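First up is the structure itself, then whatever we jot down about it.
The values are calculated or read from the model by the stated rules, or taken from the named source; none is laboratory data. Every value quoted in this text rests on a predicted model; they were computed, and no experiment measured them. Every residue, glycine among them, receives a Cβ derived from its backbone with ideal geometry; neighbour counts consider all protein chains shown. Accessible surface areas use protein heavy atoms only, side chains included; no ligands, DNA or RNA. Shrake-Rupley method; radii C 1.70, N 1.55, O 1.52, S 1.80 Å.
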Amino acid sequence: MTQEILQVSPLPPFMMNALHEADYIVHDHTHIKDPGALSKVTAIVGTGAAKVDKKLLMMLPQVKLIAICGVGYDGVDVAAAKEKGIVVTHTPGVLTDDVADLAFGLLLSIGRRIAQADKFVRNGDWVDDEFALMHQVSGARLGLVGMGRIGRAIAKRAAAFDMRIAYCGREAKADLPYTFYEKVTELAAQVDYLVVAVPGGDGTQNLIDASVLQALGTKGYLINIARGSVVDQPVLVQALKDKTIAGAALDVFWDEPIIDPELRRLPNVVLTPHIASATVETRQAMAALTLGNLQAFYAERALLTPVPECQLI
Ligand code: 8YV
């Protein structure tokens, strides 16, 4: 039987092709208003940026699966979905290395001032000026906020740079040799680079607040590859303007892709457009895993990667 699915965010062309080749009828939620058509939809597909709230779910009586093409699913009201017997899947694992690579690239970029140095050369400033000295990254102190799959992959890269690694999270991990702190402020006070690698959502909203930035101090850098919501962005912008922290490298933002003009004007930041998983290889692997979840669902097989909250359903 041909299955009808609702697409709730833009998907890459190779994923759209794969969905069509697998014979799904794909409705775009920006076009679909017809309650008759909505009543035939049995699954929702979207990226990590997708918003799937209770109101939308109420309009889709037959939906039994939300397949997110992304590891983060903070835009999905999982509690409302579970209440309606809907299962949520995501794409953990396949993007871990890419996200860790970008985190480390951002760390090097802000620490060794690569983006600023590039501008310095392009502007012709090198002709009559010297680029200011910076501080070593090798051997510096790294603090990871979150030690899940992505945190571990970042730590592995940092270890190869002889960085001294510490972290905080829900609990200390017995298999890791790194220093554990219970409080983010305690961790921030001990490190040169603070990297945010926790899931978004209500539990981590504004976790990086004024007290954390104050603890990080004038020599500390913040790197965020998680979700914009984890950092109190106006407070961060003020800290960067006042130079109460040394700088920030950010791949995620409040209200992205609209970026606060003040942030865009600051010299002590590196900004990238939410590209941590954006390689051909990884996006194809994410699309394949999402499709695998859809196919498993319709074939009534075990789902490949349900989100933790749905693993007991
Ligand atoms: C993209 C992400 O936003 O996986 C996530 O949580 O943030 C990213 O990989 C997106 O989901 C790509 O489809």
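Points to keep in mind about this one:
- Of the helices (runs of 4 or more DSSP H) entirely within the stretch 195-277, those holding at least 1 residues that are of a type in the set (A, V, I, L, M, F, W, C), open to solvent by 20 Å² or more (accessible area, probe 1.4 Å) and away from the ligand (no atom under 16 Å from the Cβ) occupy 210-216, 233-242.
- Exactly one residue out of Ala189, Ala155 is hydrophobic (A, V, I, L, M, F, W, C) and either assigned by TED's automatic domain parsing to the domain that holds Gly48 or open to solvent by 50 Å² or more (accessible area, probe 1.4 Å) (or both), and it is Ala189.
- Residue match in the stretch 161-183 (condition: within 19 Å of Asp74 (Cβ to Cβ) and surrounded by 24 or more Cβ atoms within 10 Å (Cβ to Cβ)): no
- Among the residues of the stretch 283-305, those that are open to solvent by less than 50 Å² (accessible area, probe 1.4 Å), touching a helix residue (DSSP H, G or I) at 6+ places or on another chain (Cβ under 9 Å) and under 16 Å from Gly46 (Cβ atoms) comprise Met286, Ala287, Thr290, Leu291, Leu294, Thr305.
- Failed item, numbered, when Ile5 is tested on (1) open to solvent by less than 10 Å² (accessible area, probe 1.4 Å); (2) in a helix (DSSP H, G or I): (2)
- Within the stretch 116-147, tally of residues that are part of a loop (DSSP other than H, G, I, E, B) and open to solvent by less than 30 Å² (accessible area, probe 1.4 Å): 5
- Candidates Ala188, Ala159, Ala166, filtered to the one that is assigned to a helix (DSSP H, G or I), in contact (Cβ under 8 Å) with a residue 24 or more places away in the chain and farther than 23 Å from Ala278 by Cβ: Ala188
- Test: residue in the stretch 3-18 that is over 16 Å from Asn293 (Cα atoms) and of a type in the set (D, E, K, R): no
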